[in-house]
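The values are calculated or read from the model by the stated rules, or taken from the named source; none is laboratory data. Predicted model only: the values in this text are computed from it and were never measured. Because the Cβ atoms are built from the backbone with ideal geometry, glycine has one as well, and the counts that use them run over all protein chains shown.
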Amino acid sequence: MSESNPSVLELRGSSISYFTGKMENYFRIKGIPYRFESMRFPGEVKRNKQVLGLSQMPVVQLPDGRWMTDTTKMIQWFECEYPERPIVPDDPVQAFVCYLLEDWADEWWWRPAMHYRWYYPEGARFASGHLAQEVMGGLLLPLFMKRAMLRRRQRNGYTRGDGIGPDAVLGIETDVANLFSQLERIFSVRPFLFGDRPTLADVGFAGPFFRHFALDPIPLQILRHTAPKTLEWVIRVWNSRLESAVGDLVSGIPDDIQELLKHLSRGYLPYLNANVTAVKAGKTRFTTTVDGVTYTKARTSQYRVWCLSQLRDRYHTMSCEAQTALSGVLRSTGVWDPLWSDVDLPMNDGQDSRLPFWGDHKMTMVNE
Ligand SMILES: N[C@@H](CCC(=O)N[C@@H](CS)C(=O)NCC(=O)O)C(=O)O
């Protein structure tokens, strides 16, 4: 680790990583100074497991030496530490929708983002070459072997190995095209998802967009041709600061955001419920058809059970008045039923309760 300027927190990850990009967008928007360093394998994996219980990207080291993981919980922690100019809207209904959209961006769009990066030779060539040099520089192996290892690991872990059989490719790409056209409609009428300044929802969507859809050769080409306003938004988020942001948020939940909620209620929430059923049954893999796409032998995720429980907990902490307003929106968009369908969530005792300073589960388990 670099010794320079220890008063600035350090973000360690990769310059092409989904969640590292999400965290960088957050720090920039909030005006929190940070220093980026590339994570080095395999040494840092061991260190991360010792200090955080698991190894994933990014990790943050605070100036006092403490280590942190998980962008969702890190952002919530930094919001408490830096309460001025919050990233979450004051309106509790908008706040809930922001958390929901962030979760969708983190947990659902990850798979299509990995698909576009690793399925197509153009994406795999770019990403394997970049990662082999950036994070595997310390491994004494020829470059071609590192690249082959990366391609195999990512495909086995996150694309073919996480439910994307040949029959799912068209459906997944159609899902992405639908998202692009929905966002394009939103960014035709306002600069950010909820109005004139960025919110947590924009930060969440910076995950799939900043370091994947707007970087990898195939989705970037699609964005240029079908959703140029969305491409502009990616850079607008990166280049915006709440400190100098002027303008208001919209009031309520606009129709175009409700369209996004309908979208996630068709695919993501039924998938989360299928995951809950699989975890309960002790399965490590499950097959499910949601929103017309069949995911074959997808990995079960204990972490995503916790994601669902976090959303439910958030609803329970709202005032009765806010709950009534929110439930109206969630019912009319089809979110309500799948949000609550399984009463008993199969959570481990105290699961992930020590985040962001200790993690119990990675999103999906993939061997290092
Ligand atoms: N929920 C975590 C997810 C972090 C994550 O999965 N990051 C990816 C890279 S972008 C990773 O490190 N995956 C672990 C692996 O591939 O072993 C967060 O929000 O930080």
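Some values worked out for this structure:
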read-out: Only one of GLY157, GLY171 that is within 15 Å of the ligand (Cβ to nearest atom) and in contact (Cβ under 8 Å) with a residue 24 or more places away in the chain; value: GLY157
read-out: Hits in the stretch 31-44 (condition: at pLDDT 95 or above and either in contact with a Leu (Cβ under 8 Å, 6 or more places away or on another chain) or within 13 Å of the ligand (Cβ to nearest atom) (or both)); value: GLY31, ILE32, PRO33, TYR34, ARG35, PHE36, GLU37, SER38, MET39, GLU44
read-out: Long-range neighbours under 9 Å by Cβ, at least six apart or interchain, first residue touching a residue at least 12 places away in the same chain (Cβ under 8 Å) and aromatic (Phe, Trp, Tyr) within the stretch 124-136, second surrounded by fewer than 19 Cβ atoms within 10 Å (Cβ to Cβ) and in a helix (DSSP H, G or I); value: PHE126/PRO217
read-out: Subset of the stretch 181-214 (residues that are in a helix (DSSP H, G or I) and charged (D, E, K, R)); value: GLU184, ARG185, ASP202, ARG211
read-out: Some residue of the stretch 101-113 being in contact with a Leu (Cβ under 7 Å, 6 or more places away or on another chain), of a type outside the set (Ser, Thr, Tyr), within 12 Å of the ligand (Cβ to nearest atom) and under 22 Å from GLN323 (Cβ atoms); value: yes
read-out: Scan of the stretch 215-231 for residues that are surrounded by 13 or more Cβ atoms within 10 Å (Cβ to Cβ) and part of a helix (DSSP H, G or I), ordered by number; value: PRO217, ILE218, PRO219, LEU220, ILE222, LEU223, THR226, LYS229, THR230, LEU231
read-out: Residue within the stretch 316-328 that is more than 16 Å from the ligand (Cβ to nearest atom) and either basic (Lys, Arg) or farther than 20 Å from LEU100 by Cβ (or both) present; value: no
read-out: Verdict on LEU101 being at pLDDT below 95 and either more than 19 Å from the chain's Cα centre (by Cα) or crowded, with 20+ Cβ neighbours inside 10 Å (or both); value: no
read-out: Residue satisfying all of: in the stretch 27-64; in contact with a Pro (Cβ under 9 Å, 6 or more places away or on another chain) and assigned to a loop (DSSP other than H, G, I, E, B); surrounded by the fewest Cβ atoms within 10 Å (Cβ to Cβ) among these; value: PRO63
read-out: Any hit, the stretch 174-184, residues being in contact with a strand residue (DSSP E or B) (Cβ under 9 Å, 6 or more places away or on another chain), of a type in the set (D, E, K, R) and under 21 Å from THR333 (Cα atoms); value: yes
read-out: Evaluation of GLU243 against (1) outside any helix (DSSP H, G or I); (2) exposed (fewer than 13 other Cβ atoms within 10 Å of the Cβ) (one fails), failing number; value: (1)
read-out: Residue within the stretch 282-304 that is modelled with pLDDT of 95 or more, more than 16 Å from the ligand (Cβ to nearest atom) and part of a helix (DSSP H, G or I) present; value: no
read-out: The stretch 61-94, subset farther than 21 Å from ARG314 by Cβ and without any contact (Cβ under 8 Å) to a residue 60 or more places away in the chain, residue farthest from the ligand (Cβ to nearest atom); value: GLU84
read-out: Unique match (being closer than 27 Å to PRO198 by Cβ and either more than 20 Å from the chain's Cα centre (by Cα) or surrounded by fewer than 19 Cβ atoms within 10 Å (Cβ to Cβ) (or both)) among ASP352, ASP337, ASP248; value: ASP248
read-out: Test: residue in the stretch 193-200 that is of a type outside the set (A, V, I, L, M), within 18 Å of TRP110 (Cα to Cα) and more than 16 Å from the ligand (Cβ to nearest atom); value: no
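Every residue, every condition in (1) closer than 30 Å to GLU44 by Cα; (2) surrounded by fewer than 21 Cβ atoms within 10 Å (Cβ to Cβ); (3) under 17 Å from the mean Cα position of the chain (by Cα), yes or no:
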site	(1), (2), (3)
PRO89	no, yes, no
ARG117	yes, no, yes
GLN133	yes, yes, no
GLY138	yes, yes, no
